[in-house]
1. Mind checking which aspartates and glutamates have their Cα closer than 16 Å to the Cα of Lys29? Skip sequence neighbours fewer than 8 apart in that chain.
2. From the phi of every residue in the range 238-252, what ³J(HN,Hα) in whole Hz does the Karplus formula 6.51 cos²θ - 1.76 cosθ + 1.60 yield, where θ is phi - 60° and glycine or proline is x?
3. Give me the dipole magnitude in Debye, nearest 20, for the range 129-230 about the Cα centre, with unit charges on the beta carbon: positive for Lys and Arg, negative for Asp and Glu.
4. Going by Cα centres, the range 208-284 and the range 1-26 are how many Å apart?
5. Report the paramagnetic label zone for His214: residues of the range 156-197 whose backbone N is under 19 Å from a point 7 Å from Cα along the Cα-to-Cβ axis.
6. Rounded to a whole number, what is D in µm²/s for the range 173-277 from Stokes-Einstein with the Kirkwood radius over alpha-carbon pairs (20 °C, 1.002 mPa s)?
7. In nm, what is the difference between 0.36 nm times the number of residues separating Ala8 and Asn201 and their Cα-Cα distance?
8. Hey, what number do you get for the chain at 222 nm if only DSSP H runs of n ≥ 4 count, each worth -39500 (n - 2.57), divided across all residues, to the nearest 500?
Amino acid sequence: MKHKAELAIHQYMSDAANGKSSISEDTVKQIGQDVMDAMKRQFGGSNKRDEFKLRMSNIGRPTCQLWFDKHQPEKALPKPTTFVMNMMLGDIVEAVFKGILKEAGVKYEDSEQVSLDLGEDNINGTYDLVIDGAVDDVKSASDWSYRNKFDSYDSLNNGDSFGYVAQLAGYAKASGKRAGGWWVVNKATGDFKYVPADNINVDEEVDKIKQTTHIVNSNEFKRCFEPEAETFRGKPTGNTVLNNGCRFCSYRQTCWDLTERPAVKSQAREPKMVSYITLGKEYM
């Protein structure tokens, strides 16, 4: 366990599983109110998802993606019908997890809106909670992300396409508190854990945020990732494929003019789908 509160949460959850726990009416009402607020936010017509503004939740994303968000949002791939449901799952997980913290006797400061003054721009956002003077985020994750991406701070930082590290650093700097880490809940199994931001350098991350703000405001487009060479059984095929850093970007099709097709060299009965950037003539 990486956080002293984890033991208290596990004990409370064990008692709940064995019918030995209780939950206060105030906590039930607070969870219900948080979920209702999330429903209104996610399903309300006033939620302008395509209205661009730099904020804590996007400031750590690649600048090429932010350029598209600002200048050509209409080029984004359509949001899947699962989008709002996934957003709601994250909101519900946060609401319930905070209720569990309270009932487990873990003292925390609730969400608060903060603003990071960069001179050139102000980056606003609302952090999830503060425990013992450290800002924490609550994240819901797929089973793969829970086991691989959220394995440690280093594994998260090495593949942080959603900008979670910059987001936490921004919250810490803006609030004048320490950067704590992430409470992560596995959506598939219900497992949870704490991932401390033990190697984070808040000042370095804030410098990156300043650079991102400057690049986005200067309206300069530059790709942040290069194509990757495709290999089959350890040998290059001569084709290039989408970089992992672009995999979840909504503008990948416009940016690269991709060809989505089954792996050309695969001999499997159902080859995996691959996003090709260039293909040899023999595969056309």
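Read the figures in this text as sums done on the coordinates, not as results from a lab. All values derive from a computational prediction rather than experimental measurement. No Cβ is skipped: glycine too gets one built from the backbone with ideal geometry, and neighbour counts run over all protein chains shown.
1. Cα-Cα hits under 16 Å: Asp37, Asp91, Glu94, Glu103, Asp110.
2. x, 9, 10, 10, 5, 5, 4, x, 9, 4, 9, 6, 6, 10, 4
3. Taking the Cα centre of the range 129-230 as origin, the dipole is about 340 debye.
4. Measuring centre to centre over Cα atoms gives 44 Å.
5. Backbone N within reach: 166, 170.
6. Numbers: Rh = 17.9 Å.
Calculated translational D: 119 µm²/s.
7. Details: separation 193, 0.36 × 193 = 69.48 nm, distance 2.90 nm.
Contour length minus Cα-Cα distance gives 66.6 nm.
8. Working: 9 runs with 106 residues, N = 284.
Result for the chain, helices only: -11500 deg cm²/dmol.
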